[in-house]
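K.L.:
Just dropping this structure here.
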Amino acid sequence: TTLLLGGFFLILTSCRESYPPTDMHRNSVIPKPVSVVASNGTFVLDEGTSIYVQTGNEGLKKSAVYLAEMLRNATGFELEIEETDDKPWRGNIFLTSNVSETENSSKEYYELNITEKLVTIASTGAEGSFYGIQTLRQLLPAGIETAGALEEPLLLPTGTIKDWPQYEYRGAMLDVARHFFDVETVKRFIDYLALYKMNFLHLHLTDDQGWRIEIESWPNLTKHGGSTEVGGGEGGYFTKADYKEIIQYAADKHITIVPEVDMPGHTNAALASYPELNCDGKATDLYTGMKVGFSTLCTDKEVVYEFVDDVVREISEMTPGPYFHIGGDESHSTEQDDYVYFINRAMDIVKSYGKTMIGWDEVAHAEINSEDVVQYWSKEENASLGVEKGAKVLISPAKHAYLDMKYDSTTVLGLTWAGVTEVDKAYNWSPEKLVDGITKENILGVEAPLWSETVETLDDIEFLIFPRLAGHAEVGWTASKDRSWDEYKERLGRHQNRFKALGIDFYQSPLVPWQ
Ligand code: TNX
């Protein structure tokens, strides 16, 4: 027996050695993990591999189902999911809550340990296991992104990654008001956020050109106010069922939806749908142009606050996340006193439904406090004022983070009011070094908005967000001291095959060494 066993192990050993040395670093994970230690061997993932989950851990089990589905889609083979209390036998994947790192209690923390025998993802929370799986995904060949593209066995480089994010809020915004995007398109957007470990999707649901969320107590908002968009197209809106479907789809990927109803400006779609919201009692015409700052709710009419209450209540009831975004930007047709009065009341309504208020940086002029969030997009002094009042800041500087700025002067899509934003400018900045006096403690996180005045299709979305989105994800996840454009651009260059495998028509920036 000894001899037989010995021979068996000799064969196994020599099999393993037949793979050339690997280097985990070459696989170019984005966002860059906190630590990577490569051990240069190979793990072989094949039809015999099972996914083991610590017994009774439902969160990890969901992650296992997600992972099995991803592998099944690319390879066609069905991985079994098993529960276990012990470390599994060789050749398998193990999701466990036994982490070795004791200092890090973040629910987003994970350790990915790949040896020649076993792939282990240890995390205290389901979030961490999901992020560990995203890292594993990026260590696999790009074909993992395409149905049926891969043949087993799949080879993984061995080593250990320990990782957690710098900021708890890593988001993007999609403007579904200027042009409407359907549920399927929003789901694709969510898929892209998940790949880069982003965890918030802010939906800009209302604006001058369209109202995109069903409100049962004010049905004309969508019926009339949702019937067009920039350029005069047919518009559209999410029914309550659609919205709930988006919430669930996002939640399965550990992404929280932040609904925005922009007020008191950016409200023409509502003003056109209900005459009583206007000071003169007359409904406006629908608007399909691209101007901003011309509309306002009538801030001294009580019916306006009944309207706001109904809207905030109906949306909050469907929204499990903690935030409600009240807009508050560019209210150029509202007197400043009226603006402050309105924001104070809208904020109270948001709080009465148990939500935390987020507003664009102008809301810093209202009576905000440490419970509120100011989204810095244009004026440093507004962001500073917010911090003085104790509010947290969500960082979205237009000149770095706006996904709707053109890459250069020749880009067909996009706007230029905040300048042109090449891929390096989108990456090369630090949230905590942007505004004097605003430090990491004041910052909730980072968000990259995509406004859609010029954006009409999923292809348009993809072209503007890729590759800049990957950089924003890294700005939010990875410590500034660990980031440099020169190193990042090499990693990004190696993501080209992944973009292609996903069918993404990305911007082939001349600044990136695509390979
Ligand atoms: C400014 S950013 C706006 C939006 C526009 C965007 C276009 C902000 C709070 N307001 O209404 O869509 O510029 O880039």
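Rule-based calculations on the coordinates, nothing more; no lab input. Just so you know, these numbers come straight off a predicted model, no measurement behind them. Note: ideal-geometry Cβ built from the backbone for every residue, glycine included; neighbour counts use all protein chains shown.
K.L.:
Any chance you could check the Cα centroid distance between segment 307-340 and segment 356-373 for me, in angstrom?
P.N.:
So the two Cα centres are separated by 11 Å.
K.L.:
For the charge dipole of the chain, defined by +1 on Lys and Arg C-beta atoms and -1 on Asp and Glu C-beta atoms about the Cα centroid, which residue among TYR131, THR75, VAL373 has the Cα displaced farthest towards the positive pole?
P.N.:
THR75
K.L.:
Shifting gears a bit: How fast does segment 212-304 diffuse by Stokes-Einstein, in µm²/s, taking the Kirkwood radius from C-alpha pairs at 4 °C and 1.567 mPa s? Don't skip to the end; give the middle numbers.
P.N.:
Values: Rh = 14.4 Å.
For the chosen part, D equals 90 µm²/s.
K.L.:
Residues of segment 479-515 with the amide nitrogen closer than 20 Å to a label point 7 Å from the Cα of LEU155, along Cα-to-Cβ, please.
P.N.:
Within reach of a label on LEU155, which here means backbone N under 20 Å from a point 7 Å along Cα→Cβ, segment 479-515 contributes 494-495, 497-498.
K.L.:
Another question about this same structure. Are any of the pairs LYS406/LYS500; LYS107/LYS481; LYS197/LYS240; LYS187/LYS481 more than 30 Å apart by Cα-Cα distance, and if so, which?
P.N.:
Values: LYS406/LYS500 22 Å; LYS107/LYS481 23 Å; LYS197/LYS240 27 Å; LYS187/LYS481 33 Å.
LYS187/LYS481, as the Cα separations exceed 30 Å there.
K.L.:
Right, something else. Along the charge dipole of the chain, pointing to its positive end and built from +1/-1 on Cβ of Lys, Arg, Asp and Glu, which listed residue (GLY56, CYS298, PHE181) has its Cα farthest out?
P.N.:
GLY56
K.L.:
What ranking do LEU434, LEU286 get, fewest neighbouring Cβ atoms within 10 angstrom at the top? Kindly include the intermediate steps, with their values, before the conclusion.
P.N.:
Details: LEU434 16, LEU286 21.
Ranking LEU434, LEU286 by Cβ neighbours within 10 Å, fewest first, gives LEU434, LEU286.
K.L.:
Further, regarding this structure: On full extension of the chain, what length is gained from ASN40 through GLU168, given 0.36 nm per residue of separation minus the C-alpha to C-alpha distance? Kindly include the intermediate steps, with their values, before the conclusion.
P.N.:
On the way: separation 128, 0.36 × 128 = 46.08 nm, distance 3.24 nm.
My answer for the length gained is 42.8 nm.
K.L.:
Then there's this: Please give the residues of segment 265-297, grouped as numeric ranges, whose backbone N is less than 13 Å from a label point set 7 Å along the Cα-to-Cβ vector of ARG345.
P.N.:
Residues 277-279, 297 fall inside that zone.
K.L.:
Still on this structure, I have one more. Give the value in nm², to one decimal: projected area of the alpha carbon convex hull of segment 140-242, averaged over all directions. Spell out each step's value before the answer.
P.N.:
Numbers: hull surface 40.8 nm².
Its average projected convex-hull area is 10.2 nm².
K.L.:
Right, next: Based only on other Cβ atoms within 10 Å, what is the fewest-to-most ordering of SER227, SER295, SER100? Write down the numbers at each step before the final one.
P.N.:
Numbers: SER227 18, SER295 27, SER100 9.
Sorted ascending by nearby Cβ count, the order is SER100, SER227, SER295.
K.L.:
Let me ask something else. To the nearest µm²/s, what D does Stokes-Einstein give for segment 16-163 at 20 °C and 1.002 mPa s, using the Kirkwood radius over alpha carbon pairs as Rh?
P.N.:
Details: Rh = 15.1 Å.
So the translational diffusion coefficient is about 142 µm²/s.
K.L.:
If you don't mind, another one. Taking the Cβ-Cβ separation of ASN73 and THR288 as r and a Förster radius of 45 Å, what is the calculated FRET efficiency to the nearest 0.05? Provide the component values of the computation, followed by the final result.
P.N.:
Details: r = 40 Å, r/R0 = 0.89.
The formula returns an efficiency of 0.65 here.
K.L.:
With the crude spin-label approximation of a point 7 Å out along Cα→Cβ, what separation in nm comes out for SER352 versus THR185?
P.N.:
The modelled label-to-label distance comes out at 3.5 nm.
K.L.:
Also, quick follow-up: If I model a spin label as a point 7 Å beyond the Cα along the Cα-Cβ vector, how far apart are those points for THR410 and GLU234 in nm?
P.N.:
3.7 nm
K.L.:
Taking Cα centroids, how far is segment 408-423 from segment 443-515 in Å?
P.N.:
After rounding, the separation between the Cα centres reads 15 Å.
K.L.:
To the nearest 20 debye, what charge dipole does segment 323-364 have about its Cα centre, counting +1 at the Cβ of each Lys and Arg and -1 at the Cβ of each Asp and Glu? Could the numbers behind the result be given before it?
P.N.:
Values: 3 positive and 8 negative charges, 78 e Å.
Dipole of segment 323-364, to the nearest 20 debye: 380 debye.
K.L.:
Right, another one. In whole angstrom, note down how far apart the Cα centers of segment 99-169 and segment 229-250 are.
P.N.:
33 Å
K.L.:
Answer with one residue from SER409, LEU286, TYR243: the one whose Cα lies farthest towards the positive end of the charge dipole of segment 169-501, charges on Cβ with Lys, Arg +1 and Asp, Glu -1.
P.N.:
SER409
K.L.:
Rounded to the nearest 0.05, what FRET efficiency do HIS332 and ILE81 have when you use their Cβ-Cβ distance and R0 = 60 Å? Intermediate results must be reported in sequence, preceding the final value.
P.N.:
Values: r = 56 Å, r/R0 = 0.93.
Plugging the Cβ-Cβ distance into 1/(1 + (r/R0)^6) gives 0.60.
K.L.:
Oh, and also: Provide CYS298, CYS279 in ascending order of the number of other Cβ atoms located within 10 Å of each residue's Cβ, fewest first. Intermediate results must be reported in sequence, preceding the final value.
P.N.:
Numbers: CYS298 19, CYS279 13.
With the sparsest Cβ surroundings first, the list reads CYS279, CYS298.
K.L.:
For CYS279 and LYS379, what does the FRET efficiency come to when R0 = 30 Å and r is the distance between their Cβ atoms, rounded to the nearest 0.05?
P.N.:
Working: r = 27 Å, r/R0 = 0.91.
Efficiency, rounded to the nearest 0.05: 0.65.
K.L.:
If the only charges are +1 at each Lys and Arg Cβ and -1 at each Asp and Glu Cβ, what is the size of the charge dipole of the chain around the Cα centre, to the nearest 20 debye? Walk me through the numbers before you get to the answer.
P.N.:
Details: 45 positive and 81 negative charges, 342 e Å.
My answer is approximately 1640 debye.
K.L.:
Principal axis lengths of the chain from Cα atoms, whole Å, largest first?
P.N.:
Ordered largest first, the chain gives principal extents of 96, 47, 44 Å.
K.L.:
Taking just the alpha carbons, could you work out the radius of gyration and Dmax for segment 89-205, both in angstroms?
P.N.:
Cα radius of gyration and Dmax of segment 89-205 are 16.8, 54 Å respectively.
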